[in-house]
1. With the checklist (1) under 11 Å from the mean Cα position of the chain (by Cα); (2) farther than 22 Å from residue 3 by Cβ in hand, flag the one item residue 16 doesn't pass.
2. Report whether or not residue 67 is over 12 Å from the mean Cα position of the chain (by Cα) and touching a residue at least 24 places away in the same chain (Cβ under 8 Å).
3. Is it the case that segment 13-36 has a residue that's under 23 Å from residue 70 (Cα atoms), out of contact with any strand residue (DSSP E or B) (no Cβ under 6 Å at 6 or more places or on another chain) and in contact (Cβ under 8 Å) with a residue 12 or more places away in the chain?
4. For residues that are in contact with a strand residue (DSSP E or B) (Cβ under 6 Å, 6 or more places away or on another chain) and in a loop (DSSP other than H, G, I, E, B), scanning just segment 46-76, find the one that is nearest to residue 25 (Cα to Cα).
């Protein structure tokens, strides 16, 4: 079995009640959100490895900070 970096996606596997987990897109691997923080994963946009932080857990497809497009704010 070859080792690989997991590429996660947020999924709801609950039927009547929401049950949110993160699923690896390349193998049958599931993790609860609180267990995912601090793990290394593969960015779905650039393919590089990154460490998942708490702010990444709000995303449906967690990706690295380099691939995040931020809006410029106007300072009044």
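1. (1)
2. Against the criterion (over 12 Å from the mean Cα position of the chain (by Cα) and touching a residue at least 24 places away in the same chain (Cβ under 8 Å)), residue 67 qualifies.
3. No, that holds for no residue.
4. The qualifying residue nearest to residue 25 (Cα to Cα) is 61.
Read-outs throughout are calculated quantities, based only on the coordinates presented, and are distinct from any laboratory measurement. Remember, predicted model here, so these are calculated numbers, not experimental data. Using ideal geometry, Cβ is built from the backbone for each residue, glycine included, and neighbour counts are taken over all protein chains shown.
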